[in-house]
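Notes for the one structure printed next.
Nothing in this text is a laboratory measurement; each read-out follows from the coordinates by a stated rule. Being a predicted model, the structure only gives us computed values, none of them experimental. No Cβ is skipped: glycine too gets one built from the backbone with ideal geometry, and neighbour counts run over all protein chains shown.
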């Protein structure tokens, strides 16, 4: 029986690797199979086949109870034409299951769906912590100037993890418009956030933050300060560095 089950999902994957487009109609029926591995293999196959006509069925797989299946659905969706799937994904942002909302967010990110930023901003106030984190991450990557103030103004109402995700994403995305808010975080009561802020300011080339980063040489964020100061060309830090060395 086990051999038979393994052969089923292996055969499905092979159809995908061979890009047998004629098999798509039969494959999508497996998206409701009772075996997780078969559903995973089906989506993996559909990723290679890229059947635009079955975009709705793949979007529906974001509602699967298994995280690995939802992940495979996102991978398959990013290979399709965004025009075919984005409207369906926007609907999933309002789904009752937070895991489905998070999967839809990830899919919109993979599709680089910048036009959906207004819809994603709404999820910054979602009732689920992980959905809010996902929205902050996606917006920092996709949202540009419009998204930064929306994320920053929600710092006080969210915990350290929300701020960490936002700041690290700002740095990765090169969101220089976030620099003033990140500088304020250098006064944060949480030492982890202070350290992340120092590092982000270095990556973002925020020379205006140099005086405050220098003061961090005397705090628990000293290692991050030592990493950021060279990135900023902060020669004014030389006296403090000599003191540390001496």
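Results, tabulated for the structure shown:
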{"item": "Relative contact order (%) - the chain, alpha-carbon pairs under 8 angstrom, separation at least six", "result": "10 percent"}
{"item": "Helix-only [θ]222 nm of the chain, DSSP H runs n ≥ 4, -39500 (n - 2.57) each, per residue, nearest 500", "result": "-19000 deg cm²/dmol"}
{"item": "Helix 160-173 vs. the chain, principal-axis angle (Cα, 0 to 90°, nearest 10)", "result": "90 degrees"}
{"item": "Ascending count of other beta-carbon atoms within 10 Å, so fewest first, for 48, 109", "result": "48, 109"}
{"item": "Value of relative contact order over the stretch 76-159, rounded to a whole percent, pairs C-alpha under 8 Å and six or more apart", "result": "24 percent"}
{"item": "Cα-based helix-to-principal-axis angle, 222-231 vs the chain, degrees rounded to 10", "result": "90 degrees"}
{"item": "Burial ordering of 207, 212, 29, fewest other beta-carbon atoms within 10 Å first", "result": "29, 207, 212"}
{"item": "In degrees, nearest ten, helix 191-203 long axis to first principal axis of the chain (Cα)", "result": "90 degrees"}
{"item": "Alpha-carbon centroid distance for the pair the stretch 124-143 / the stretch 167-246, whole angstrom", "result": "25 Å"}
{"item": "Ranking of 102, 235, 222 by count of other Cβ atoms within 10 Å, fewest first", "result": "235, 222, 102"}
{"item": "Additional length obtainable on full extension of the chain from residue 222 to residue 32, 0.36 nm per residue less Cα span", "result": "63.1 nm"}
